[in-house]
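Take a look at the structure below.
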Amino acid sequence: MNQYQRDQEEDQVERLAYRIGARYSDARSLPEPEVNEDLLPYTEIKENKVIPLGRTNFGVSLAFSERTPQTYLRALKQRYINENLDLRMISQTGFAEMFSRFKQVYEPEIDPLKDLNQSLMKVEGKKRLEFLVTKAFRAHASDVHIEPEDDFARIRFRIDGRLQPVDKIDALAYRSILGDIKIKGDTNVMSEYGQTGHISTDVEDENGQTKTLNIRIEIIPAVGGDDIVLRLFTIEEEYLNLENLGMLPHQQAVVDSIVAQPHGLLLSVGPTGSGKTSTLYSILNQLRSDNNKIVTLEDPVEYELRGVTQIPVDSSRGDSFAGRLRSVVREDPDIIMVGEIRDPDTAATALQASLTGHFVVSTFHANSAAAAVSRLTDMIGRNSMLASAIRLVMAQRLVRRVCDACKQPRKPNEAELKELFGYMQTVPDAIKGKAMHEPRLYTAHGCATCNNIGYKGRVVVAEQMQVDELMADFIVKQAGSALDIHNFAVEKGMITIVQDGLLKALLGQTTLDEVYRVLGRP
């Protein structure tokens, strides 16, 4: 949450406090609470969302949030009837910040990846899936892999794009979790074929706040049993913006200029797991307003956005993006998100919609911006409709973000300097700024903050190919291959995905090794 969003939340809570006759305080201006149970036991603090601020000669001071039950507040007033009770209303974010100090003392964080099997076997059978998912969520995993082998199953979490072994669970725990997944995911318990399902569940984060988690289930029969992958989708609306994804100001400015247009097609392209959908959600989050009708077509719905009409497309039951899109266009939307362009019919329908007064955003599988245009041309043929509709193609990948707590700056060696100056030569000075004046790279060391990995979180690296009249004319009349399109875009000033990666390494967002690991050496 950035400063502006935090200030907005505080303003809303202050107005709410005024309406209900409560005293409001901004938690940022309050002294840090004393962490002890003299005033309230920790269980009450956690369950009732209340913070003991302290006791003075004037009485007892407590802070509560809008989620604190009114019955509990009345009980507190009765408990301290013989003392002066100072109750202050604070924001949810303020409560989370203060509560974290109590949690560190009374529930010290344990590595969520340790002793999973032993812990799992202590959990009641029907709660084992919830336990496993909560562990994965708190480890910031995007995927959970459950892989049966003989009399056990291997558990691995994908964290920041890399699979990490977690533990092995015995056959009893595996069968218990598999049965729970099939039932809750609305799949066929007896099926011998691959299946896709979906679960929506609530989990509690490290600060005791409840988050809604959407889980996509993939089950494929294998030799040792059903191989299971759970993909976890959870993100707060306030984090759905391009800056939080890692886009630099000039990249955000390009997107802003494109989405300000009344119609056209914006494509986010890349392989599976490259963050394409999160980018589109961030754009939709930016476009939400009372003046825009936004409709999404998704298979499945990954994140729920307030004020947006989200329509699930179940391709496993014969539903299609193209068919749904033709219906949606008749509902007078301003902006349409198509989860993925998979076939010529969807491509042609999306292009037609973008030329008839709608702004369409979608994802597409391609390795580069130029390759996306080339593949679309192969799908629907070389014609003016394609070039006229597309406004922007963004190709992206996710690289691990180097941990701010332990990263160490270093001077590039001679070979690295030569590479950097060679690759960054065509990047305008206004964009690379001081990064190339005294180049600094960073090393990932590892500390308690990042679990001794050296990286924490991920950041987008991207290239943006704008399709103006000149580019559109080239695509229709002259381009013979993806390479032709790429070279022409670079001549017109496109910053390549490699250049963006190197720039973010120089800015200390990631490391040179990580950029080359994900993108390869040019």
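Any read-out appearing in this document is the output of simple, stated calculations on the displayed coordinates, not a laboratory observation. Quick caveat: nothing in here was measured; it's all calculated off a predicted structure. Quick reminder, even Gly has a Cβ in these numbers, built from the backbone with ideal geometry, and neighbours come from all protein chains shown.
Among rounded, prolate and oblate, which fits region 116-233 when a ≥ b ≥ c are the square roots of the eigenvalues of its C-alpha gyration tensor, a/c under 1.5 means rounded, and a/b larger than b/c means prolate?
Details: a/c = 1.45, a/b = 1.28, b/c = 1.13.
The shape class here is rounded.
Just how far, in whole angstrom, is region 139-161 from region 1-48 if you go by their alpha carbon centroids?
38 Å
Does region 1-43 come out rounded, prolate or oblate, given a ≥ b ≥ c as the square roots of the eigenvalues of its C-alpha gyration tensor, rounded meaning a/c under 1.5 and, failing that, prolate meaning a/b above b/c? All intermediate terms of the calculation are to be shown ahead of the outcome.
Numbers: a/c = 2.73, a/b = 1.55, b/c = 1.76.
Verdict is oblate for region 1-43.
If you rank Met190, Met424 by fewest surrounding Cβ atoms within 10 Å, what's the result? Let's see the in-between values first.
On the way: Met190 6, Met424 19.
Placing the least packed residue first, the sequence is Met190, Met424.
Lys77: which lysines have alpha carbons under 28 Å from its alpha carbon, excluding same-chain residues fewer than 8 sequence positions away?
Lys46, Lys49, Lys103
Using θ = phi - 60° and the Karplus form 6.51 cos²θ - 1.76 cosθ + 1.60, what ³J(HN,Hα) does each residue of region 472-478 get, whole Hz, x for Gly and Pro?
Residue by residue, region 472-478 yields 4, 5, 5, 4, 6, 9, 10 Hz.
Report the gain in length on full extension from Asn291 to Asp429: 0.36 nm times residue separation, minus Cα-Cα distance, nm rounded to one decimal. Before the final figure, lay out each step's value.
Working: separation 138, 0.36 × 138 = 49.68 nm, distance 3.81 nm.
Fully extending the segment from Asn291 to Asp429 adds 45.9 nm.
Can you list residues whose amide H is under 5 Å from Leu355's amide H, if they're 5+ apart or on another chain and H is modeled 1.01 Å from N?
It is none; the list stays empty.
Match the structure shown to one of the listed values (i) 26.0; (ii) 27.2; (iii) 24.3 of Kirkwood radius over Cα pairs in Å, computed from it, and give that label.
(i)
Excluding same-chain residues fewer than 8 positions from Lys411, which lysines have a Cα within less than 25 Å of its Cα?
Cross-link targets: Lys432, Lys434, Lys456, Lys504.
Rank-order 91-101, 373-383 by packing density, defined as the average count of other C-beta atoms within 10 Å over each peptide's residues, highest first. Working shown, then result.
Working: 91-101: 19.6, 373-383: 17.2.
In descending order of packing, they fall as 91-101, 373-383.
Among rounded, prolate and oblate, which fits region 45-100 when a ≥ b ≥ c are the square roots of the eigenvalues of its C-alpha gyration tensor, a/c under 1.5 means rounded, and a/b larger than b/c means prolate?
Values: a/c = 2.36, a/b = 1.41, b/c = 1.68.
Oblate.
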